[in-house]
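Structure, as structure tokens:
The values are calculated or read from the model by the stated rules, or taken from the named source; none is laboratory data. These figures come from a predicted structure and were not determined experimentally. Quick reminder, even Gly has a Cβ in these numbers, built from the backbone with ideal geometry, and neighbours come from all protein chains shown. Only protein heavy atoms, including side chains, enter the accessible area calculation; ligands, DNA and RNA are left aside. Shrake-Rupley method; radii C 1.70, N 1.55, O 1.52, S 1.80 Å.
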Amino acid sequence: MFDEVGYWSEIKLEIIRRYATEYTRILRAQGRFRFFYVDGFASSGMHFSKTQNLLIPGSPLIALDVEPPFDRHFLVELDAEKHHALSGLIAAHPRGNRCRLFLGDCNDVLPMTVFPEIIYERFERALCLRDPYGLDLNWEVIRDAGQSKAIEVFLNFPVMDMNRNALWHEPDKVPSRMRARMTRYWGDDSWRSAAYVPAPDLFGPREQKATNEVIAEAFRKRLRAVPRSFDSR
Ligand SMILES: C[S@@+](CC[C@H](N)C(=O)[O-])C[C@H]1O[C@@H](n2cnc3c(N)ncnc32)[C@H](O)[C@@H]1O
């Protein structure tokens, strides 16, 4: 039930710890905010480290131990066994009563139940981690968080799943189901022109897959271009 994780995941967890620490320090220093932690892909709370050969805390427990602490935590996990393991760890944690756990799909739970609890006008703010294995996050959920102006998104961009399943060197051979997953994540099919660039050769016009960096930058630009529906505030 605990995932085995390697070197890269441990680096990711360290980045989350440091980022969350700076986030709470900055908000606490401003005095007037209540600040929350939202984990859309919470997992089981612990992982087995292949490099250290021991159990290490996952993102929800790391966030619970941050100083100064978050006021509340919202944790969503789709897998029942992992959710059960996480519930046990949270119940035993001294700050466990700050947490609300949800068993379900974060694409439903976040917009319907969690985001409405985080209100800009009440000086509530949240750091929302989205750390999926793959293309399991719908664009609308990222967009809604940004438009709330209260929720900061920390996104793990699932480049491995994209490359393995959707961004093949021969795009016409990609199954339509995988193209649809990519479109759900990206929000429309503009990923197609971001991910493939013209590369004419002796045999005529051709397309070549763009680098990971170019694709990530295109997604960043797309996020910046999201209309701010609450700009009148
Ligand atoms: C990469 S792991 C998250 C690891 C965690 N952030 C950590 O660092 O400890 C991804 C988790 O998301 C869960 N998951 C996948 N799809 C989901 C969805 N639609 N909603 C909620 N959880 C999901 C998986 O069961 C898995 O436990």
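Values for this structure:
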| item | result |
| --- | --- |
| Condition met for residue 85 (within 15 Å of the ligand (Cβ to nearest atom), over 19 Å from residue 35 (Cα atoms) and not in a loop (DSSP other than H, G, I, E, B)) | yes |
| First in segment 23-45 and open to solvent by 10 Å² or more (accessible area, probe 1.4 Å), second anywhere and among the aromatic types (Phe, Trp, Tyr) and modelled with pLDDT of 95 or more, Cβ under 7 Å, 6 or more apart | 27/33; 27/35; 32/123; 33/123; 34/123 |
| Qualifying residues in segment 51-82 (those that are open to solvent by 40 Å² or more (accessible area, probe 1.4 Å), within 10 Å of the ligand (Cβ to nearest atom) and among the acidic types (Asp, Glu)) - the one farthest from residue 127 (Cα to Cα) | 81 |
| Selection count, segment 1-50, where residues are of a type in the set (S, T, N, Q) and either within 15 Å of the ligand (Cβ to nearest atom) or in contact with a Cys (Cβ under 6 Å, 6 or more places away or on another chain) (or both) | 4 |
| Pair list, Cβ < 8 Å and 6+ apart or interchain, from segment 209-225 residues that are in contact (Cβ under 8 Å) with a residue 12 or more places away in the chain to residues that are open to solvent by 70 Å² or more (accessible area, probe 1.4 Å) and of a type in the set (Phe, Trp, Tyr) | 209/168 |
| Among the residues listed as 218, 180, 199, 225, the single one being surrounded by 15 or more Cβ atoms within 10 Å (Cβ to Cβ) and more than 22 Å from residue 9 (Cα to Cα) | 218 |
| Subset of segment 17-38 (residues that are farther than 15 Å from residue 149 by Cα and among the charged types (D, E, K, R)) | 17, 18, 22, 25, 28, 32 |
| Considering residues of segment 83-100 that are of a type in the set (A, V, I, L, M, F, W, C) and without any contact (Cβ under 8 Å) to a residue 40 or more places away in the chain only, the residue farthest from residue 55 (Cα to Cα) | 99 |
| Number of the condition not met by residue 147 [criteria: (1) under 29 Å from residue 181 (Cβ atoms); (2) touching a helix residue (DSSP H, G or I) at 6+ places or on another chain (Cβ under 7 Å)] | (2) |
| Counted residues, segment 100-137 - those being more than 9 Å from the ligand (Cβ to nearest atom), crowded, with 18+ Cβ neighbours inside 10 Å and not charged (D, E, K, R) | 8 |
